[in-house]
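Student: Have a look at the structure that comes next, please.
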Amino acid sequence: MTEASGRSLELFYIDGRPDGMITAELFNWTGHVLVAPRIRLAEALSRRETACSGVYLLLGEKEGENAAYIGEAEELSSRLRTHARSEDKEWWETAVMVSATGNRLNKAHVRYLEARLIGMAREVGHTLLQNGTSPPLPSLTEADIAKMEAFLANLMVVLPAVRVDMFIQRSRPAGSTRSIPAPAAGNSPAEPAVAASDGIHFLARKTRRALLARAVLHDGEFIVEAGSEASDRWLNEDGKGGNYKLLYEELRRSGVLVPQGPLCVFTRDYAFHSPSAAASVVFGHSTNGPSAWKLEEDEDVTYADWQAAQLSGAGGHG
């Protein structure tokens, strides 16, 4: 396995504000991303890159949930003006426009990118996609497909940096963190040794509900493993919980969490942003994750204790 190499990303806050217009570019990538709040759309569409062909995302909320529309255009500015006047698209608040330097994307290219982005968004399922249908992939040469897939790979690096995470797949197949070792001596290939898990493991328990969840810190992600138990409902009746409540409801809706007896069970591994997000979903209410998760090999040690030990052993500089 080759070691991951760093990438250089340049974000430019056009009006000096993080909630205003932003451009984003990767070093050695022809793509260009422009993010504009709807209230600044007229200024954004006066920029020369919006005269190019490209794909775009319209982002906002609809019926209390994150919503998005994905489209393509031979001229981004013309298409976005149409959407801004459309009564059936009043819900969107932000436009993300993707083009290439020198207007290098042709009609077939942007149709390919649109179809792939719609397919990826539907597969991840984080967002209520407002596209009625999934368009078919256009016919491209093998070389052009390779170029567009490389373009998409770079775009997936840029979008999270501008707070667009609708394409991040956090649901994984059960056992995604486990590695199957070679059979021990005397074992036949048909009867492999028990799978071993990579990473550091933690447990979260709720004794009075007989609830037990298992998570692993693996490759920089905090992953609750399939088979872990969780609350069968969100318990903060006063409505507290904010984004954690929305995340719990999303996992129920998407089938990552399914009812099983008096509890719910994770059907797939799921990578959370933080131990607190994971613990809150598991317990069904806002929870301090670093205190809730305990080291599997010694449950007197919390995640916070373990992390503090790691930091104290890391040494300092200067």
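The values are calculated or read from the model by the stated rules, or taken from the named source; none is laboratory data. Note that the structure is a prediction, hence the values are computed from the model and not measured. All Cβ positions, glycine included, derive from the backbone under ideal geometry; neighbour counts span all protein chains shown.
Student: Could you list, in sequence order, the residues of the range 295-318 that are in a loop (DSSP other than H, G, I, E, B) and either under 22 Å from the mean Cα position of the chain (by Cα) or modelled with pLDDT of 90 or more (or both)?
Tutor: Scanning the range 295-318 gives Glu296, Glu297.
Student: Could I ask something else about it? Kindly evaluate Ala292 against the criterion of being of a type outside the set (D, E, K, R) and at pLDDT below 90.
Tutor: Spelling it out, it is not the case that Ala292 is of a type outside the set (D, E, K, R) and at pLDDT below 90.
Student: All but one of (1) over 18 Å from Thr287 (Cα atoms); (2) of a type outside the set (Ser, Thr, Tyr); (3) at pLDDT below 90 hold for Gly239; state the number of the condition that does not hold.
Tutor: (1) is the only condition that Gly239 fails.
Student: When the range 251-276 is examined, which residues are found to be surrounded by fewer than 20 Cβ atoms within 10 Å (Cβ to Cβ), part of a helix (DSSP H, G or I), among the small types (Gly, Ala, Ser) and at pLDDT 85 or above?
Tutor: Once the filter is applied, which keeps residues that are surrounded by fewer than 20 Cβ atoms within 10 Å (Cβ to Cβ), part of a helix (DSSP H, G or I), among the small types (Gly, Ala, Ser) and at pLDDT 85 or above, the range 251-276 yields nothing.
Student: Output the qualifying pairs, or none if there are none: Cβ atoms under 9 angstrom, residues six or more apart or on different chains, first residue in the range 220-236 and over 15 Å from Ala210 (Cα atoms) and assigned by TED's automatic domain parsing to the domain that holds Gly261, second residue surrounded by fewer than 17 Cβ atoms within 10 Å (Cβ to Cβ) and among the aliphatic types (A, V, I, L, M).
Tutor: These pairs meet every condition: Glu225/Ala174; Ala226/Ala174.
Student: Then there's this: Part of a helix (DSSP H, G or I), of a type in the set (Ser, Thr, Tyr) and under 21 Å from Gly125 (Cα atoms): does that describe Tyr248?
Tutor: yes
Student: Starting from the range 244-262, keep only residues that are touching a residue at least 24 places away in the same chain (Cβ under 8 Å) and not assigned by TED's automatic domain parsing to the domain that holds His126, then list their pairs with residues that are polar (S, T, N, Q) and in a helix (DSSP H, G or I) whose Cβ atoms are within a distance under 7 Å, requiring at least 6 positions of separation or different chains.
Tutor: Tyr244/Ser280
Student: In the same structural domain as Asn66 (by TED's automatic domain parsing) and under 20 Å from His32 (Cβ atoms), is that true of Phe151?
Tutor: The answer is yes for Phe151.
Student: Can you list the strands (runs of 3 or more DSSP E) lying wholly within the range 28-132 that have 3 or more residues being within 22 Å of the chain's Cα centre (by Cα) and among the small types (Gly, Ala, Ser)?
Tutor: Strands (runs of 3 or more DSSP E) meeting the threshold: 65-73.
Student: Also, quick follow-up: Identify, please: which residue in the range 54-90 is hydrophobic (A, V, I, L, M, F, W, C) and either outside the structural domain of Gly125 (by TED's automatic domain parsing) or more than 16 Å from Gly132 (Cα to Cα) (or both) and is, among those, surrounded by the fewest Cβ atoms within 10 Å (Cβ to Cβ)?
Tutor: Among those that are hydrophobic (A, V, I, L, M, F, W, C) and either outside the structural domain of Gly125 (by TED's automatic domain parsing) or more than 16 Å from Gly132 (Cα to Cα) (or both), it is Ala84.
Student: Look at Arg233 and say whether it is out of contact with any strand residue (DSSP E or B) (no Cβ under 9 Å at 6 or more places or on another chain) and exposed (fewer than 15 other Cβ atoms within 10 Å of the Cβ).
Tutor: The answer is no for Arg233.
Student: Here's another thing I want to ask about it. Quick check on the range 100-142: of everything there that is β-branched (Val, Ile, Thr) and surrounded by fewer than 16 Cβ atoms within 10 Å (Cβ to Cβ), which residue is farthest from Cys52 (Cα to Cα)?
Tutor: The extreme case among them is Thr133.
Student: Considering only the range 1-27, state which residues are aliphatic (A, V, I, L, M) and either more than 21 Å from the chain's Cα centre (by Cα) or in a loop (DSSP other than H, G, I, E, B) (or both).
Tutor: Met1, Ala4, Ile14, Met21
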